[in-house]
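Visitor: Below is the structure I would like to discuss, written out as structure tokens.
A short reminder: the numbers here are calculations on the coordinates, not readings from a lab. Keep in mind it's a predicted model, so treat the numbers as computed, not measured. Here the Cβ is made from the backbone with ideal geometry for all residues, glycine too, and neighbour counts use every protein chain on show.
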Amino acid sequence: MVLRSIRYGEADRVLHLYSERRGRIGAIAKGVRRVRSRFGGRLEPLSRVALILHEGRGDLMTVTGADTVNAHAALRERQDSLRRGIEAAEAVLRLFDSAEANRPAYNLLCRELALLDSDERAATRAHALAFRAKLALAAGFAPELAACASCGEREHLSGFAASAGGVVCSSCEAGSFPLSAEGHAFLVEALGRPLAEAPGGEPPALAQADRAIAETLEHHAHVRLRRVA
């Protein structure tokens, strides 16, 4: 999956890729910006591609062959879908920066872009937050939602504390922010349901879920992502 494409020199592009078997890959596509490039438009961001890569001595591989698996053309024609797709790719780019494969993350990104491409109704804030919650799970940073992350209490869960690792009860709420029952339920359903069946939610609950996910990733993964608008 092409996450990002950066102009390099007069005609080349440096690509940030995420692959099923090798995780993050950096590559250079030489001459791709020329009118008669043999790669054409096959290396655009958000495209799923099959590549032939030459691994030399440097940090960047060289693209020697490219075929399109899914260009996600419909996604690019809708502003909201395109914005959500870019957000998803950026989140993967920031969270998964190693050459170690993470198939759940790769499959999740493929699924998200396919949904955005096939159904404009997927370009909602609630859907984007559900994707981000699942991405946190794939990265190993899903918050504790079943019981107080500090003492294990399963009732009176009224706050969220990233430093504690998830929801907290009224007795352990120091350093937390209020989490409503609706915000809590959204997070539970977002992680429990398939991405295509992502739950909806009212703005206050979604804002709480957004903050919970963002603060969890910032505290534990040391990654600050843009809030989902």
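Visitor: Under 12 Å from the Cβ of S81, count the other residues' Cβ atoms, weight Lys and Arg +1, Asp and Glu -1, and hand me the total.
Guide: Neighbourhood net charge equals -2.
Visitor: If packing is taken as the average count of other Cβ atoms within 10 Å, what order do 111-121, 158-168, 35-45 fall into, highest mean first?
Guide: Final packing ranking: 158-168, 111-121, 35-45.
Visitor: Would you work out which of G175, I28, L115 lies farthest towards the positive end of the dipole of the chain? Charges go on Cβ: Lys and Arg +1, Asp and Glu -1.
Guide: Farthest towards the positive pole: I28.
Visitor: Using the Cα centre of the chain as the reference point, and only Cβ charges (+1 on K/R, -1 on D/E), how large is the resulting charge dipole? Debye, rounded to the nearest 20.
Guide: With only Lys, Arg, Asp and Glu charged at Cβ, the dipole is about 1240 debye.
Visitor: Where does helix 203-216 land angle-wise versus the long Cα axis of the chain, in degrees 0 to 90, nearest 10?
Guide: The two axes meet at around 70 degrees.
Visitor: Students often get this wrong, so try it: which of (1) -0.42, -0.78, -1.05; (2) -0.64, -1.11, -1.31; (3) -0.35, -0.75, -1.19 is log10 I(q)/I(0) by the Debye sum over Cα atoms at q = 0.09, 0.13, 0.16 Å⁻¹ as calculated from the structure shown?
Guide: Working out log10 I(q)/I(0) by the Debye sum over Cα atoms at q = 0.09, 0.13, 0.16 Å⁻¹ from the coordinates points to (1).
Visitor: Hey, fewest Cβ within 10 Å first, where do H127, H219, H16 land in order?
Guide: H219, H16, H127
Visitor: Arrange M61, M1 by Cβ neighbour counts within 10 Å, fewest through most, would you?
Guide: With the fewest neighbours first, M61, M1 line up as M61, M1.
Visitor: Something else now. Can you figure out the FRET efficiency of R7 with A99, using R₀ = 35 Å and their beta-carbon distance, to the nearest 0.05?
Guide: Approximately 0.90, to the nearest 0.05.
Visitor: Could you work out how much longer the chain between T64 and S163 gets when fully extended? Use 0.36 nm per residue separation minus the Cα distance between them, nm to one decimal.
Guide: Result: 31.0 nm gained on full extension.
Visitor: How much net charge surrounds Y106 when only the other residues with a Cβ under 13 Å from the Cβ of Y106 are counted, with Lys and Arg +1 and Asp and Glu -1?
Guide: With Lys, Arg at +1 and Asp, Glu at -1, the neighbours total +4.
Visitor: Where in segment 62-80 does the amide nitrogen come within less than 11 Å of the point 7 Å from the Cα of R33, taken along Cα to Cβ?
Guide: Flagged as within label range: none.
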